[in-house]
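Peer 1: Below you will find the structure I want to go over with you.
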């Protein structure tokens, strides 16, 4: 039996012809797709050219090339430092010998101290006068400046009752109340190796005695001094002198 319709026909679920609103939507979709495609192409063109230009104008960066060291490098030669010490300069003491000194010739068995004793010298004087740097290097036949030769008279004396005041000076206080006074001084001769003596008392008088007593005339006020000299003569004709200044201070208590 055929189906009967009651006068109403059900429309088809899809019409082959787009309705107007569907057409508008389709057009919009197409427009959007085209716009996106154009934008993408433009973007690729513009930014791609910028990158190409940037790559062309960029300064290339040099990358250093590392060279590998050999597995067994050649060892460097050993360095040996050579040090030359600076020599130490020791100045030679100057040879300062007073003029007129006698010359002693060293004998077998002489040492510096025995020579000093025999010649009335000091070890320091012998070192300076003869430029000796080693007191132990004395040899036979060596000539040395000395104060006096062995056997030469050694002069020494002392006025008794006087007080030492300074080098080679003696002093005594004298009580003087009545004008000029006279003072007697006993001189003790301590010289050796001498045959004869001559005394000069500094007031114009001389004496050949060994231990004389001399009378000095003292001024009534102030100090009075006299240079007293003793000269001793040896058996060989040599002579040696010594000098003292005797000073008297007069006062009236």
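Peer 1: Label points 7 Å out from Cα along the Cβ direction at residue 114 and residue 21: separation in nm?
Peer 2: Once both label points are built, they end up 15.5 nm from each other.
Peer 1: If the label point is 7 Å along Cα→Cβ of residue 210, which residues in segment 131-164 have backbone nitrogen under 19 Å from it?
Peer 2: 151-160
Peer 1: Hey, with R₀ at 25 Å, roughly what FRET efficiency would residue 217 and residue 168 work out to, going by the Cβ-Cβ distance, to 0.05?
Peer 2: Working from the Cβ atoms, E equals 0.65.
Peer 1: What is the spin-label model distance, in nm, from residue 42 to residue 190 if the labels are put 7 Å beyond Cα along the C-beta direction?
Peer 2: Going by the 7 Å Cα→Cβ label model, 13.6 nm.
Peer 1: Once you put a point 7 Å from the Cα of residue 128 and another 7 Å from the Cα of residue 142, both along the Cβ direction, what distance in nm separates them?
Peer 2: 1.9
Peer 1: Could you sort the peptides 181-190, 158-167 by per-residue average Cβ neighbour count (10 Å cutoff), highest mean leading?
Peer 2: Highest-to-lowest ranking by the protection proxy: 181-190, 158-167.
No lab work stands behind these numbers, since they all come straight from the coordinates. The shown structure was predicted, so the numbers you read here are calculated from the model rather than taken from an experiment. So basically every Cβ, Gly included, is an ideal-geometry build from the backbone, and we count neighbours across all protein chains shown.
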